[in-house]
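Each remark here refers to the structure printed beneath this line.
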Amino acid sequence: MKHILVLVLLIISFSCARKDEPFSRYVKSLDKLKLPLSYDIHTEIDPSKNYDSTLHIKYKCLWTYKPSGIIYETNKFIGIIEYSISDVGTVPVIVTYDLTGNKIDSLFILKNSGFGETGQTLESSILKSDYTILITDSTKKWEIDQDYNIIDSTVSIDVSNFMYKINSNGEIYKSVNQSNSLKTK
């Protein structure tokens, strides 16, 4: 009876370890990134050098293209920078996973950057080792005349600062929002 109990316990522990194995292999294939990190639309984001592309497809955030690397590792979650491709360049995405590979949360950084006839929005960010993400969003707006020239007297700039925090369970939440507007001319 004792041998059967030992055998059952070994089978159970082996099967539990096998469930985590693919995600663990995926995490081991990723580069570890050094914090603080800063991103803007001119930042070139490189993929992890030897990431497992098959496992990336299994675990990636829906809209991302490739993983850049690990930024956070705790006893409850792993934070990975992935990125997607947009009209203005590469967009970094923080994705948090539990230790078995289930997605907890994600945050698309620089998601508001863009250009148009009557405005442009530029974002920059800093990711820090204390699990905070600072994002500065500057939006410049104007009106145009019938010849599509900017009417200088209508130009305004709005600068907003956002702080996100990743809690101990890997959830990302907005903690601070500050905004300042200025009118030029």
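Of all the residues that make up segment 1-35, how many are open to solvent by 100 Å² or more (accessible area, probe 1.4 Å), modelled with pLDDT of 85 or more and in a loop (DSSP other than H, G, I, E, B)?
Total meeting the criteria: 1.
Could you tell me which residue of segment 95-128 is least open to solvent (accessible area, probe 1.4 Å), considering only residues that are in contact with a helix residue (DSSP H, G or I) (Cβ under 8 Å, 6 or more places away or on another chain) and part of a loop (DSSP other than H, G, I, E, B)?
Here the answer is Gly101.
So His42 ticks every box in (1) surrounded by 12 or more Cβ atoms within 10 Å (Cβ to Cβ); (2) more than 21 Å from Ile166 (Cα to Cα) but one. Which box is left unticked?
All conditions are met except number (1).
Is one or more of the residues making up segment 167-180 closer than 22 Å to Asp105 by Cα, modelled with pLDDT of 95 or more and not in a loop (DSSP other than H, G, I, E, B)?
yes
Would you mind stating whether Lys60 is surrounded by 12 or more Cβ atoms within 10 Å (Cβ to Cβ) and at pLDDT below 95?
yes
The values are calculated or read from the model by the stated rules, or taken from the named source; none is laboratory data. Since the structure is predicted, the reported quantities are computational estimates derived from the model, not experimental observations. So basically every Cβ, Gly included, is an ideal-geometry build from the backbone, and we count neighbours across all protein chains shown. Areas reflect the complete protein model, heavy atoms only, side chains present, ligands, DNA and RNA absent. Shrake-Rupley method; radii C 1.70, N 1.55, O 1.52, S 1.80 Å.
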